[in-house]
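See structure below.
Just so you know, all these numbers are worked out from the coordinates, no wet-lab data involved. Everything numeric in this text was worked out from a predicted model, so none of it was measured. Cβ: placed from backbone, ideal geometry, glycine included. Neighbour counts: every protein chain shown.
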Amino acid sequence: MKIYTKTGDKGFTSLIGGTRVPKHHLRIESYGTVDELNSYIGLIRDQEIGEHDKDILKQIQDRLFTIGASLAADPEKSKMVIPDLNIADIELLEKEMDDMTGQLPELKHFILPGGSNMVSFCHIARCVCRRAERLTVHLSEESTVDEKVNIYLNRLSDYLFTLARKLGNEQKVPENQWIPRL
């Protein structure tokens with residue numbers, strides 16, 4: 001199988017189900033941003049972090065592929081069986097956040113991104129996740145999107161924020177607290 005097909009040379013691509021849409025279509029932007037997010041999650045996994053965190057991040061990458069497949073399918077025409085998100089996937093993120101939060105000092109200020117590469121990668125992924133969420137929420141106003149996709153992306157951005165705090169804490173990197181100028 002060749003990597004290139006030449007079928008997208010005119011600015012159109014196919015959804016699962018065969019529908020041709022412009023490459024700037026909101027559905028393409030949505031799953032493209034989820035793919036970008038998945039790449040940043042891989043970058044975080046490549047850092048010197050604990051095996052438990054690496055395992056959770058790998059599960060997240062798998063779920064992001066599931067979300068990408070769901071978003072890449074034409075809800076009107078696709079007959080392909082696509083993997084599904086489960087409530088348990090969302091609950092896993094919530095449990096992980098609760099566990100990490102229990103190990104962290106109380107959050108009393110907004111946190112500015114930065115402090116170490118690892119922490120910054122988490123914040124970049126969080127921002128890309130928020131963009132993916134905005135796009136999928138917009139798409140859900142126009143077309144069918146599994147509501148668990150939007151919920152998962154919402155929780156995932158919170159998870160990435162919490163992971164940034166946890167990894168920084170483990171590295172003994174002080175949080176960059178935002179103290180507003182008054």
>> Can you sort Met118, Met100, Met80 from fewest to most other Cβ atoms within 10 Å of each residue's own Cβ?
In response: Met80, Met100, Met118
> Can you tell which of Gly68, Gln171, Thr101 lies farthest toward the positive end of the dipole of region 13-178, using +1 and -1 charges on the Cβ of basic and acidic side chains (Lys, Arg; Asp, Glu)?
Replying inline: Gly68
>> How big is the dipole moment of the chain about its Cα centre under a simple scheme where the beta carbon of each Lys and Arg is +1, that of each Asp and Glu is -1, and everything else is neutral? Debye, nearest 20, please.
In response: 740 debye
>> What is the sum of charges, Lys and Arg at +1 and Asp and Glu at -1, for the other residues whose Cβ falls under 10 Å from the Cβ of Lys166?
In response: -3
> Tally Lys/Arg at +1 and Asp/Glu at -1 over every other residue whose Cβ is under 14 Å from the Cβ of Ser78; what's the total?
Replying inline: 0
>> Given R₀ = 30 Å, what would the calculated FRET efficiency be for Lys10 paired with Lys77, taking r from the Cβ atoms and rounding to 0.05?
In response: 0.90
> Using the C-alpha gyration tensor of region 1-138, what are the square roots of 5 times its eigenvalues, in whole angstrom, with the largest one first?
Replying inline: 32, 17, 15
> Under a GNM of the chain (C-alpha, springs under 10 Å), which listed residue has the highest mean-square fluctuation: Asn38, Asn169, Asn154?
Replying inline: Asn169
> Over region 13-178, what is the relative contact order in whole percent, taking alpha-carbon pairs under 8 Å and six or more residues apart?
Replying inline: 30 percent
